[in-house]
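The structure appears below as structure tokens.
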Amino acid sequence: MATVLITGGAGFLGSHLCDRFLAEGWEVIAMDSFLTGTPDNLAHLFGQSRFRFIKYDVTQYIFVPGPIDLVLHFACPASPVDYLRYKIHTMKVDSLGTLHTLGLAKAKGARYLLASTSEIYGDPEVHPQPETYWGHVNPIGPRSVYDEAKRFSEALSMAYYHTHGVDVRIARIFNVYGERMRMNDGRAIPTFIVQALRQEPITVYGDGTQTRSFCEVSDLVDGVYRLATRPGLAGEVVNLGNPEEYTIIELAQTVKQLAGSSSKIVFQPLPADDPKRRRPDIAKAERLLGWQPVVGLREGLERTIAYFRRKLEET
């Protein structure tokens, strides 16, 4: 039976990946320091025979006994609220943490998948963004602690691929949303939903004409699973995201409508270096993985609103 180690396993994406790999019959080892993840995301898995959890900070040297066939490096603060609060730790997770997880994969003879991000494209001058685009990033701006950390992670991963022959794959993940996001995550969808459900003003930054592409978590997990498990993809970099593009004001209006909210939409100044548009070119994912998203924005938002409604009722 194959074994996968998932760092950031108690996080939003990591916990859903634990579910998917267990459903596919894998032995799953989740690793998390709980900096931004929470044991609540894994509570339903504790006690399962094929699931093991290790509380650990990946910036420290990693040793895990026994065979490991696949390493998924998903540990990293991923929202601006988090990576701007933990600037240095974010860079350490994507430098030292990437080094240690790659070293583990090399020692175990394991395949390795890095969770990279569309943020490596910065404020793009090419639209939509293909994997061949090198990006437009401010290396000393406020977001650079995340952007440049992920760019370094990609470079280090490819160095292990070329130097040591580690079977490395890189997923460039565009905006993902869904159940298990935190209410105080700081990203647009959880913020808008919680504000709408509480009948508070919905805060849109800038004039709301900036665009994003939103992928529901089940679609993203399916893409990651395919990229991680298909043979013959060593060294590949693949965009994973939903190519449907929406303005932020459209998103706010849709959330307000689906939540049945009377909230007003208000505008705040745009943060520095905030990308004006973002949409993945997923032709490569379609070709290599036979993958494309199937959950539309309204359907995904309905699921996510129902989740946050339950969470708010519990508090």
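Could you go through segment 91-104 and let me know if any residue there is in a loop (DSSP other than H, G, I, E, B), without any contact (Cβ under 8 Å) to a residue 24 or more places away in the chain and surrounded by fewer than 24 Cβ atoms within 10 Å (Cβ to Cβ). No, there is no match, as no residue in segment 91-104 is in a loop (DSSP other than H, G, I, E, B), without any contact (Cβ under 8 Å) to a residue 24 or more places away in the chain and surrounded by fewer than 24 Cβ atoms within 10 Å (Cβ to Cβ). Of all the listed residues (P190, P201), the sole one being more than 19 Å from the chain's Cα centre (by Cα) and modelled with pLDDT of 95 or more is P201. Considering only segment 299-306, I want to know if a residue exists there that is touching a residue at least 60 places away in the same chain (Cβ under 8 Å), out of contact with any His (no Cβ under 7 Å at 6 or more places or on another chain) and basic (K, R). For segment 299-306, residues touching a residue at least 60 places away in the same chain (Cβ under 8 Å), out of contact with any His (no Cβ under 7 Å at 6 or more places or on another chain) and basic (K, R): present.
Filtering E119, E131, E125 for residues that are in a helix (DSSP H, G or I) and acidic (D, E) leaves a single hit, E119.
The residue that is surrounded by the most Cβ atoms within 10 Å (Cβ to Cβ), among those in segment 80-90 that are over 15 Å from the mean Cα position of the chain (by Cα) and assigned to a helix (DSSP H, G or I), is H89. Counting the residues of segment 1-44 that are more than 19 Å from K311 (Cβ to Cβ), assigned to a loop (DSSP other than H, G, I, E, B) and not small (G, A, S) gives 4. Taking the numbered list (1) among the hydrophobic types (A, V, I, L, M, F, W, C); (2) over 17 Å from the mean Cα position of the chain (by Cα); (3) closer than 19 Å to V238 by Cα in turn, A171 passes all entries but (2). Checking each residue of segment 285-292 against the condition of being modelled with pLDDT of 95 or more, crowded, with 19+ Cβ neighbours inside 10 Å and basic (K, R) gives no match. Hey, any hits in segment 270-281 for a residue that's at pLDDT 95 or above, of a type outside the set (D, E, K, R), part of a strand (DSSP E or B) and surrounded by 19 or more Cβ atoms within 10 Å (Cβ to Cβ)? Yes, some residue in segment 270-281 is at pLDDT 95 or above, of a type outside the set (D, E, K, R), part of a strand (DSSP E or B) and surrounded by 19 or more Cβ atoms within 10 Å (Cβ to Cβ).
For (1) in contact (Cβ under 8 Å) with a residue 60 or more places away in the chain; (2) within 25 Å of P271 (Cα to Cα), each residue gets a yes or a no:
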| residue | (1), (2) |
| --- | --- |
| P39 | no, no |
| G47 | no, no |
| I68 | yes, no |
| K87 | no, yes |
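The set of residues in segment 235-257 being surrounded by 15 or more Cβ atoms within 10 Å (Cβ to Cβ), in contact (Cβ under 8 Å) with a residue 60 or more places away in the chain and of a type outside the set (D, E) consists of V237, V238, N239, L240, G241, N242, P243, I248, L251, A252, V255, K256.
Can you confirm whether segment 66-79 contains a residue that is surrounded by 18 or more Cβ atoms within 10 Å (Cβ to Cβ), modelled with pLDDT of 95 or more and of a type in the set (D, E, K, R)? Among the residues of segment 66-79, not one is surrounded by 18 or more Cβ atoms within 10 Å (Cβ to Cβ), modelled with pLDDT of 95 or more and of a type in the set (D, E, K, R), which makes the answer no.
Among all residues of segment 86-93, there is at least one that is in contact with a Cys (Cβ under 7 Å, 6 or more places away or on another chain) and more than 24 Å from A285 (Cα to Cα). Among the residues of segment 105-118 satisfying the criterion of being in contact (Cβ under 8 Å) with a residue 60 or more places away in the chain and either of a type outside the set (A, V, I, L, M) or surrounded by fewer than 20 Cβ atoms within 10 Å (Cβ to Cβ) (or both), which is farthest from W134 (Cα to Cα)? This residue is K106. For beta carbons closer than 9 Å, sequence separation of 6+ or different chains, a first residue in segment 188-209 that is on the phi > 0 side of the Ramachandran plot and a second that is acidic (D, E) and in a helix (DSSP H, G or I), the qualifying pairs are G208/E250. Pull up segment 284-298, narrow it to residues that are in contact with a Leu (Cβ under 9 Å, 6 or more places away or on another chain) and of a type outside the set (A, V, I, L, M), then point me to the one that is farthest from T229 (Cα to Cα). Ranking the qualifying residues of segment 284-298, first place goes to R298.
Among the residues of segment 164-177, is there at least one that is β-branched (V, I, T), assigned to a helix (DSSP H, G or I) and crowded, with 21+ Cβ neighbours inside 10 Å? Taking every residue of segment 164-177 in turn, none turns out to be β-branched (V, I, T), assigned to a helix (DSSP H, G or I) and crowded, with 21+ Cβ neighbours inside 10 Å.
The values are calculated or read from the model by the stated rules, or taken from the named source; none is laboratory data. Everything numeric here is computed off the predicted structure, so don't read it as measured data. Because the Cβ atoms are built from the backbone with ideal geometry, glycine has one as well, and the counts that use them run over all protein chains shown.
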